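Inspection log for the structure reproduced underneath, given as structure tokens.
What follows draws every value from the coordinates through simple rules; no lab data is involved. Since this is a predicted model, take the numbers as computed values, not measurements. Here the Cβ positions follow ideal geometry from the backbone for every residue, glycine too, while neighbour counts run over all protein chains shown.
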Amino acid sequence: MRGRALIIVAAALSACEGPLEVFEGEHVVVRAEPGFDLCGGTMAHMDEFVARLAAEMQQAPPTGDERIEFRWYPGEHWALLPCRRSAFGCARGDEVFSVLMPHNHELVHALASERSRRALPFFAEGLAEGYQGLHWQADGLTELPLGQAKRVQDELGGGPAELGLASVGFVRLLVQQHGMAKFLALYSLLSRRSSVTDVDEALRTVLGVSLDESIAAFEALPADCIRPQLDPKLLECSAPALEWDDSRLAVFRMLDCSQDDAVGPYDGDHLQVLHTLTVREPGTFELRAIAERPDEAVSLNAVVMTPCSGCGGGPPIRVLARERARADLAAGRYSLRWMGPAAVPTTLGFLLERVDASEPGGP
């Protein structure tokens, strides 16, 4: 049963908008403000994200009439939606309201509403921030190392606006140490009114550990760990793999919002295309991003390479158009994301070349 928020919003909008644009997927239905369109791969991206997250949360993904309702209002009607003015979006049960497309953070909230609709913000935001995937802008957000995050007790009583990296790290720690099933049992047990004492009692009951013991384990995590390393990167690290000889990769491609693998437009003029790449032998590599167009659209072109390993795997490597970087890459799988503008097509090349003295397999 759809919530009261959707009824109120529908009534408020009915007097000032034309028919909604409807995009139907297997797990998500998008109802968009007229005049706005999705990039070609966005519905498939959201459906796959919901399916993979549901599997991670050990529940069936919503289908049919139970699909997540995603209200996308990037234009003038955003002020009518039931979200904080400072927020890019919000979820009310299994309904999402957002200016962004897609908005995986809110999809996490919508899916988690099956477990609790009034979850403790510390756990709700930690789950959403910890599983939303990598940021869609090349410059991303400032990522504080975990060692600079506030202690857990400082944030347990805060609302979503006050929460930071500590909630992400603490949730990921609980999931990794105790499993998702037990974490979700804890998630369902606590509410917005739960006190720090309630959290301690719930941890002891469900997980068999105290809050102080859990905080001690949290503070033992590597101090230089950042959010992209904590995130399991459900889509980014399962994207189609690029084949190469472990010495040189050269790829040139068009980035166009209409393409089947283009995801966006996010805030209106961003898209990304997801791939993976496996480095078999560690070494030093040069990375270059090559843009064809000379105009300002190129400023949005970039390639971002992120290790799929967790803490200790190294930070993301960002190469903007017409720039180059040198990096020591460990063996393993990497997320490789092409980024560009959604409003105009661009061509972006990426060159990855081994520059260490010995070739892979050599002395």
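What is the dipole size for the chain, taken about its Cα centre, with +1 at each Lys and Arg Cβ and -1 at each Asp and Glu Cβ, in debye to the nearest 20?
Numbers: 33 positive and 51 negative charges, 140 e Å.
Its charge dipole is roughly 680 debye.
So what are region 4-114's ellipsoid semi-axes, whole angstrom, largest first, if each one is the square root of 5 times an eigenvalue of the alpha-carbon gyration tensor?
On the way: eigenvalues 101, 45, 31 Å².
Working from the Cα gyration tensor, I get semi-axes of 22, 15, 13 Å.
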Taking the square root of 5λ for each eigenvalue of the C-alpha gyration tensor of region 161-248, the equivalent ellipsoid has semi-axes, largest first and in whole angstrom, of 32, 15, 13
Quick calc: nm separation of the 7 Å Cα→Cβ label points for Ala220 and Arg52 -> 3.0 nm
Percent antiparallel among DSSP beta bridges confined to region 4-114, rounded to 5, stands at 45 percent
For region 248-354, the Cα-Cα pair-distance distribution in 5 Å bins from 0, as whole percents, is 3, 13, 24, 24, 17, 12, 7, 1
Diffing region 214-226: the Karplus 3J(HN,Hα) column from phi (6.51, -1.76, 1.60, θ = phi - 60°), in whole Hz with x for Gly and Pro, holds 5, 5, 4, 5, 4, 6, 7, 5, x, 5, 9, 6, 10
Once phi for every residue in region 20-34 is put through the Karplus expression 6.51 cos²θ - 1.76 cosθ + 1.60 (θ = phi - 60°), the whole-Hz ³J(HN,Hα) values, with Gly and Pro written as x, are 6, 7, 10, 10, 10, x, 6, 10, 9, 10, 9, 10, 10, 4, x
Rg (one decimal) and Dmax (whole number) from the Cα set of the chain, in Å, equal 21.3, 73
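Please give the peptides 324-332, 99-107, 130-138 ranked by average Cβ packing (other Cβ atoms within 10 Å per residue), highest first, as a rough proxy for protection. Could you put the intermediate results ahead of the total?
Details: 324-332: 14.0, 99-107: 23.2, 130-138: 21.1.
Ranking the peptides 324-332, 99-107, 130-138 by packing returns 99-107, 130-138, 324-332.
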Descending packing, highest mean Cβ count within 10 Å first, for 254-262, 302-310 is 302-310, 254-262
The simple spin-label model distance between Ser309 and Asp260, using points 7 Å out along Cα→Cβ, in nm, is 3.5 nm
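Per residue, how much space in cubic angstrom lies within the convex hull of the C-alpha atoms of region 309-355? Could the numbers behind the result be given before it?
Values: hull volume 4.9 nm³, N = 47.
Given the Cα convex hull of region 309-355, per-residue volume reads 104 Å³.
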Among Ser116, Leu271, Val199, the residue whose Cα sits farthest towards the positive end of the charge dipole of the chain (+1 at Cβ of Lys and Arg, -1 at Cβ of Asp and Glu, taken about the Cα centre) is Val199
